[in-house]
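What follows is one structure encoded as structure tokens, with my remarks underneath.
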Amino acid sequence: MSTQPTPFDSTLQALGLLLPSVVVLGAFLYYPGLETFRLSLYRTLFLGQQTAWVGAENFVQLLTSTAYHHSFAISVLFAAIVVTGTLLLSIAVGYLLFTVSVGSSAYLIAAIWPYALPPAVAAILLNFILHPNLGVFTHYLEAVTPFTLDWFNSGPQAFTVVAVVAIWKQLGYNIIFVVAAFNTIPKTLTERATLDGVGHLRRLRSVYLPLMAPTLVFLTVMNTIYAFFSTFPIVDLLTSGGPGDATNLLIFKLYRDAFEFNSLGLASAESVILFALVAVLMYVQIRVSEGYAQYGA
Amino acid sequence: MSTITLTDLTKHYDSIAAVDGIDLDVLDEEFLVVVGPSGCGKSTTLRLIAGLEDATAGTIRIGGTDVTDSPPEDRDIAMVFQNYALYPHMTAAENMTFGMQSVTDYSSAEIEDRVADAAATLGITELLDRTPDALSGGERQRVAIGRALVREPSVFLLDEPLSNLDAKLRVHMRAELSKLHRELDTTTVYVTHDQTEAMTLGDRVAVLNDGTVQQVAPPQQLYDFPANQFVAGFIGEPAMNLVPVRVRDRPRGLVADHEGFAHPLPDGGSNSALVDRRLTFGVRPEDVLLAGRSATGHEESFEARVTVREPLGEQLLLHCTIGDDELQVKVQPRRDVSTGDTIRLCFDQQRLHLFDPETGDAIYHAASEDQPAKPTPSQ
């Protein structure tokens with residue numbers, strides 16, 4: 001047993017070094033988080049200037065609201081589409097990037113570039129491309145196919161557009177990890193598969209994906225968090241939750257309830273439910289995947 | 001019939017020639033070992049045969065068929081990798097069958113039979129349900145070999161298969177491989193940097209350097225009659241002593257003249273082409289003998305000073321200086337010789353070599369190749 005050198009002289013010094021992080025985390029993460037839990041049990045007026053204890057009334061109101069049920073359902077569907085769509089596409093693109101022998105870094109940069117855009121810029125950019133009247137994509141789609149793109153008025157189309165943009169935005173992040181995971185696969189395993197004459201699809205399914213499982217679990221969790229929490233700007237800039245309630249995802253609805261309808265207490269309750277939902281999903285994902293993912297060795 | 005014929009095989013990486021025009025014939029059922037220092041092109045040659053690399057020029061024939069442009073799976077070969085290349089998420093049995101299911105039309109019963117046979121041959125039957133992380137290095141290597149066996153290929157290719165094993169296990173697996181080859185008689189190409197493996201396993205050994213074949217010969221012939229200075233220095237541990245000499249014509253025959261000794265060259269009398277040339281004189285450490293006291297004054301013995309004494313247990317290795325050159329000498333382990341002593345040495349008459357210092361080619365061996373060198377007389 002070797003003794004580790006201590007990087008600090010005294011406990012006091014250690015606490016001093018920790019203090020900045022603790023202050024920042026406390027002020028901007030734990031305090032607001034706890035405040036949200038507290039507020040979810042109150043009714044508020046004037047941006048929370050006046051509060052009145054209502055107990056579980058906010059939660060009861062949410063659980064009996066059809067609008068909230070709808071929002072909850074489309075959010076779960078949206079997350080399922082975004083998580084699987086992003087994973088499947090990034091595996092497909094990542095495998096092509098891994099297999100290509102010429103100019104792979106140029107392709108890689110092209111593939112991950114959307115991730116470098118701020119979500120708001122990405123949303124505006126795709127708004128131009130997919131705009132029902134002005135969009136380049138829309139123009140050719142309508143010229144070539146009988147299909148009409150009218151997502152300003154069609155709920156399902158709006159939902160699809162938001163999901164496509166959300167997947168597009170998150171692809172780069174996934175591709176970075178997927179390509180990195182492909183590259184950690186020992187070269188001799190690829191060579192052995194080549195010698196055995198194992199085809200590309202079977203090689204991907206039976207050799208590569210099982211070896212990449214830890215990365216795929218990580219990406220599933222990250223994509224879930226992304227789909228529930230980080231898609232606000234896309235909804236806000238593309239559809240504002242509409243048409244009707246078609247794209248009124250939980251994260252967008254709670255923002256509107258808080259800052260447009262001034263129901264901070266109700267929005268806090270929504271926030272708490274969303275937090276619990278994602279926490280449970282992550283727990284399930286990690287537990288389920290434990291049986292499949294090969295860590296180490 | 002599974003011969004392998006390489007003709008003018010060349011592989012360039014950018015401007016660097018990793019394999020530079022190799023001509024090599026592997027006979028049917030032969031165990032050919034390819035040996036050489038790091039970067040000599042031996043692994044590249046094996047990968048070219050396997051089809052993992054594309055040849056820049058030249059042809060590869062397996063069993064008479066030109067396979068130079070065939071994909072690996074059409075070459076009827078099986079390869080064993082240095083790091084075993086086992087899929088970590090599959091059991092040993094799955095690892096052995098995975099390749100077969102993808103290309104062949106074997107029934108699963110037949111595959112199972114073959115796995116059972118291979119496992120019995122290698123003594124890994126009880127390990128078949130384990131994943132690689134539950135296997136030791138030697139067991140993993142057995143599974144990797146078993147994987148090659150179940151395919152019943154016409155050619156086995158082994159790329160340094162024992163390098164990742166510890167010394168004791170390596171000796172054990174070496175013997176197993178030898179036994180296995182005797183049972184199966186499959187044409188085998190075995191790449192290694194370890195000359196002990198080369199000498200012990202090979203029916204013949206091909207020595208490679210700088211992407212070219214230096215010599216292909218049975219192990220003992222390679223040792224006794226190195227074709228050039230590289231082979232002489234590479235095969236044998238410690239390496240053959242190489243010192244500059246000048247050949248002189250003396251009344252009793254040709255003599256290799258060094259500032260520390262002047263030694264007659266047996267049967268060299270007829271070879272007038274050697275006279276007066278500056279050549280490299282080669283003699284293996286075990287062919288330098290301690291001259292007995294009675295030999296003092298004998299014209300063929302000479303004096304040398306011991307500078308380093310290395311007891312190896314079964315032998316004693318002495319580093320001696322003669323003139324400006326160093327000579328390594330293997331003597332019996334319990335000889336009473338210490339550093340700084342002056343000793344008298346002589347050479348085994350039958351085990352002397354001369355090399356051209358410019359080309360490195362061997363131009364004289366004391367023994368003739370039809371009647372191999374006599375056993376070294378005990379010291």
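The values are calculated or read from the model by the stated rules, or taken from the named source; none is laboratory data. Because the structure is a prediction, the values reported are computed rather than measured. Cβ: placed from backbone, ideal geometry, glycine included. Neighbour counts: every protein chain shown.
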Item to check | All positions within segment B:77-118 that are part of a helix (DSSP H, G or I), within 14 Å of chain A (Cβ to nearest Cβ), among the β-branched types (Val, Ile, Thr) and surrounded by 16 or more Cβ atoms within 10 Å (Cβ to Cβ) | outcome: B:97, B:111
Checklist entry - For residues in segment B:132-141 being crowded, with 18+ Cβ neighbours inside 10 Å and in contact with a Pro (Cβ under 7 Å, 6 or more places away or on another chain), which is nearest to the other protein chains (Cβ to nearest Cβ)? => result B:132
Item to check | segment B:177-217: number of residues that are under 14 Å from residue B:163 (Cβ atoms) and either among the small types (Gly, Ala, Ser) or not assigned by TED's automatic domain parsing to the domain that holds residue B:11 (or both) | outcome: 1
Item to check | Identity of the residue in segment B:54-76, among the aliphatic types (A, V, I, L, M) and not in a loop (DSSP other than H, G, I, E, B), that ends up farthest from residue A:195 (Cα to Cα) | outcome: B:57
Checklist outcome for this item: Checked against (1) part of a loop (DSSP other than H, G, I, E, B); (2) surrounded by fewer than 23 Cβ atoms within 10 Å (Cβ to Cβ), residue B:226 satisfies every condition except (2)
Item to check | Hey, residue A:86 at negative phi, under 23 Å from the mean Cα position of the chain (by Cα) and touching a residue at least 40 places away in the same chain (Cβ under 8 Å) or not | outcome: yes
Checklist outcome for this item: Taking segment A:180-189 and the residues there that are more than 8 Å from chain B (Cβ to nearest Cβ) and surrounded by fewer than 17 Cβ atoms within 10 Å (Cβ to Cβ), the one that is farthest from residue B:143 (Cα to Cα) would be A:180
Next on the checklist: Can you tell me how many residues within segment B:136-173 are assigned to a helix (DSSP H, G or I), in contact with a helix residue (DSSP H, G or I) (Cβ under 6 Å, 6 or more places away or on another chain) and more than 20 Å from residue B:87 (Cβ to Cβ)?
Outcome noted: 1
Checklist entry - Across segment B:229-238, which residue is surrounded by the fewest Cβ atoms within 10 Å (Cβ to Cβ) among those that are in contact (Cβ under 8 Å) with a residue 40 or more places away in the chain and under 25 Å from residue B:167 (Cβ atoms)? => result B:237
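For (1) surrounded by fewer than 12 Cβ atoms within 10 Å (Cβ to Cβ); (2) within 30 Å of residue A:184 (Cα to Cα); (3) in contact with a strand residue (DSSP E or B) (Cβ under 7 Å, 6 or more places away or on another chain), each residue gets a yes or a no:
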site: A:34; (1), (2), (3): yes, no, no
site: A:40; (1), (2), (3): no, no, no
site: A:91; (1), (2), (3): no, yes, no
site: A:96; (1), (2), (3): no, yes, no
site: A:106; (1), (2), (3): yes, yes, no
Next on the checklist: So the check is Cβ under 8 Å with 6+ separation or different chains; which pairs have a first residue in segment B:354-376 that's of a type in the set (Val, Ile, Thr) and a second one that's modelled with pLDDT under 85?
Outcome noted: B:363/B:274
Checklist entry - Among the residues of segment B:188-206, is there at least one that is in contact with a Cys (Cβ under 9 Å, 6 or more places away or on another chain) and surrounded by fewer than 24 Cβ atoms within 10 Å (Cβ to Cβ)? => result yes
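One line per residue, one yes/no per condition, for (1) farther than 27 Å from residue B:73 by Cβ; (2) free of Cβ contacts under 8 Å to residues at least 24 places away in the same chain; (3) in contact with a Leu (Cβ under 7 Å, 6 or more places away or on another chain):
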| position | (1), (2), (3) |
| --- | --- |
| A:115 | yes, no, no |
| A:172 | yes, no, no |
| A:185 | no, no, yes |
| A:205 | no, yes, no |
Checklist entry - How about segment A:190-297: which helices (runs of 4 or more DSSP H) wholly inside it have at least 3 residues that are of a type in the set (Phe, Trp, Tyr) and more than 14 Å from every other protein chain (Cβ to nearest Cβ)? => result A:209-229, A:250-259
Checklist entry - Does segment B:45-53 contain at least one residue that is buried (at least 21 other Cβ atoms within 10 Å of the Cβ), among the polar types (S, T, N, Q), assigned to a helix (DSSP H, G or I) and within 14 Å of another protein chain (Cβ to nearest Cβ)? => result no
Item to check | segment B:174-194, residues that are more than 11 Å from residue B:160 (Cα to Cα), in contact with a helix residue (DSSP H, G or I) (Cβ under 8 Å, 6 or more places away or on another chain) and polar (S, T, N, Q) | outcome: B:178, B:188
Next on the checklist: Residues that are modelled with pLDDT of 85 or more: list the helices (runs of 4 or more DSSP H) wholly contained in segment A:1-96 that include at least 3 such residues.
Outcome noted: A:11-25, A:31-39
Checklist entry - What pairs can you find where one residue is in segment B:105-119 and in the same structural domain as residue B:150 (by TED's automatic domain parsing) and more than 15 Å from residue B:146 (Cα to Cα), the other is of a type in the set (A, V, I, L, M, F, W, C) and assigned to a helix (DSSP H, G or I), and their Cβ atoms are less than 8 Å apart, with a gap of 6+ or different chains? => result B:106/B:100
Checklist entry - When residues of segment B:346-364 are filtered for being touching a His at 6+ places or on another chain (Cβ under 9 Å), buried (at least 20 other Cβ atoms within 10 Å of the Cβ) and assigned to a strand (DSSP E or B), how many remain? => result 5
